[in-house]
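For reference, the structure is listed below as structure tokens.
What follows is calculated from the coordinates using simple rules that are stated; it is not laboratory data. All values derive from a computational prediction rather than experimental measurement. All Cβ positions, even for glycine, are placed from backbone atoms using ideal geometry, and neighbour counts span all protein chains on display.
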Amino acid sequence: MKTISPHAALVYVMVVVSAADGQMSERELKTIGELTRKLPAFRDFDHDRLLTLAQDCSAILQEDDGLEAVLGLVRDALPAPLRETAYWLALELALTDHRVAIEEVRVIDTLRHALGIDRLVAAALERGARARFQVS
């Protein structure tokens, strides 16, 4: 069975959410790049691999049961402390273009179940992500 690194798993999460509505917007791609440069979870990440990882994830998503395959890889690659980080990254990507498509909601819910994120923890992360994008 193929395995991926925790960095790759976090990138895969962002790609899955970005691609959920059938298109990856320029804003979403920019957000992925910014998050991989800023967050401590990506401290030792080789940014030259970002495009390759995104393409690898996209290729898996094109296969039969691709989403389940990607989520299995993500679940196996992420240590428990990074699972909440992965969920938060999914929320950030979904909110990037200031609208959340129903397909993104479904993918995020599937991700929550795959990673075993508690409902209360998920609600707190969701509220925090929404608050970050509020405008007056």
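So for Arg106, Arg43, fewest C-beta neighbours within 10 Å to most, what's the order? Display every interim value, and only then the final one.
Values: Arg106 12, Arg43 7.
In order of increasing Cβ crowding within 10 Å: Arg43, Arg106.
Computed over the stretch 5-65, the P(r) tail beyond 15 angstrom holds 46 percent of alpha carbon pairs. In order along the stretch 22-28, phi translates into HN-Hα couplings of x, 8, 10, 6, 4, 5, 5 Hz, rounded to whole numbers, per the Karplus curve 6.51 cos²θ - 1.76 cosθ + 1.60 with θ = phi - 60° and x for Gly and Pro. Label sites at Ala131 and Arg27, each approximated as a point 7 angstrom past Cα along Cα to Cβ, lie 2.2 nm apart. Centroid-to-centroid, using Cα positions, the stretch 98-119 and the stretch 1-74 are 15 Å apart. The alpha carbons of the stretch 6-132 stretch over 34, 33, 29 Å along the principal axes, in descending order. Footprinting exposure proxy ranking of Met14, Met24, fewest other C-beta atoms within 10 angstrom first, gives Met24, Met14. Less than 5 angstrom separates the built amide H of Ser25 from none of the residues sequence-distant by 5 or more or on a different chain.
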